[in-house]
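Notes to accompany the following structure.
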Amino acid sequence: MPEHDDPYDHSGQFIDPMITGWWEHHGTTVADALRDLPTDAGPVVDAGAGGGLGTRLIARTLPRAHVLAIEPSLPLRSVLLSRVFEDPHLRPRVTVDGDDLLSARLPNRLGGVVAANLIGHFSPHERDRLWEDLVARLTPGAFVLLNLPAPVEPERVGRTRMAELHIGGRHYVGWAEAEPIGTEQLSWNMTYEVYEGDRLISRDEIHYAWWTLSEQALHAEATPHGLLVVPHGPAEAGLFKVLREENHRM
Ligand SMILES: C[S@@+](CC[C@H](N)C(=O)[O-])C[C@H]1O[C@@H](n2cnc3c(N)ncnc32)[C@H](O)[C@@H]1O
């Protein structure tokens, strides 16, 4: 397995609680899409599963499905493994894998792929490899469900509070801001603060690069692989199904 350069090696401790809001807001829309996946058609991959909020949603929505949760970040995979182990409904049905998605040994037949809050970690060249690989594995009726988080073009994002959580006697605040890098990337500059009352206990600043991708660009890169891109749910969710053209006609 090639070395995975983990942008979450430090922030992984905060990601799972701080991304809960996204799942609370969009979980129903994601579940609606999952119900369209074929049953008994191979495992559903949760790609870049993080701490497993999406993994749990997949398993609960599709009670007969096996889930392959792929998560290369050690801190996030630790959360994921514990979440799966703790739940008797997940433990027999969810397999946790620590590979990078591009080097993971995927089953030949997949019943679907969920790639939530993930796509910007892949360059255009890597996405091309991904579409090439996935198109051959998707069983009839299966699709990749992904979201295109804003901004979908490189642009400056002013400092925004993305999450604030109260846990015990402390509160945790996550800030995000971004600067464009060239024509296709952003640098996300994240700050994670922990307070007890007014007293700052810790502040971590993390920077990582993110490839932006618009709906039009996704269409353009999917088409040569025989893949169609179909919006799903309200536009603000930014969710899309990527499916084989012949499946759409079925
Ligand atoms: C913003 S988090 C989203 C986690 C989860 N999908 C969710 O929505 O709750 C992005 C995740 O993608 C994972 N990731 C980054 N690069 C990856 C890669 N090359 N292959 C698989 N996962 C990757 C990260 O480790 C992280 O868990």
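The values are calculated or read from the model by the stated rules, or taken from the named source; none is laboratory data. These figures come from a predicted structure and were not determined experimentally. We place every Cβ from the backbone using ideal geometry, glycine too, and count neighbours over all the protein chains shown. SASA here: full protein model, heavy atoms, side chains in, ligands and nucleic acids out. Shrake-Rupley method; radii C 1.70, N 1.55, O 1.52, S 1.80 Å.
One table, with the values for the structure above:
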item: Verdict on residue 79 being within 11 Å of the ligand (Cβ to nearest atom) and either out of contact with any helix residue (DSSP H, G or I) (no Cβ under 6 Å at 6 or more places or on another chain) or under 22 Å from residue 218 (Cβ atoms) (or both); result: no
item: Residue selected from segment 64-94 under the condition over 19 Å from the mean Cα position of the chain (by Cα) and free of Cβ contacts under 8 Å to residues at least 12 places away in the same chain, by the criterion most open to solvent (accessible area, probe 1.4 Å); result: 86
item: Filter result for the condition that a residue is out of contact with any Ser or Thr (no Cβ under 6 Å at 6 or more places or on another chain) and more than 16 Å from the ligand (Cβ to nearest atom), over 84, 135; result: 135
item: Single unsatisfied condition, residue 54 versus (1) in contact with a strand residue (DSSP E or B) (Cβ under 7 Å, 6 or more places away or on another chain); (2) outside any helix (DSSP H, G or I); (3) crowded, with 19+ Cβ neighbours inside 10 Å; (4) not charged (D, E, K, R); result: (2)
item: Matching residues in segment 1-48 - criterion: being open to solvent by 10 Å² or more (accessible area, probe 1.4 Å), touching a helix residue (DSSP H, G or I) at 6+ places or on another chain (Cβ under 7 Å) and of a type in the set (A, V, I, L, M, F, W, C); result: 15, 19, 23
item: Condition met for residue 139 (in contact with a strand residue (DSSP E or B) (Cβ under 9 Å, 6 or more places away or on another chain), free of Cβ contacts under 8 Å to residues at least 24 places away in the same chain and either assigned by TED's automatic domain parsing to the domain that holds residue 244 or at negative phi (or both)); result: no
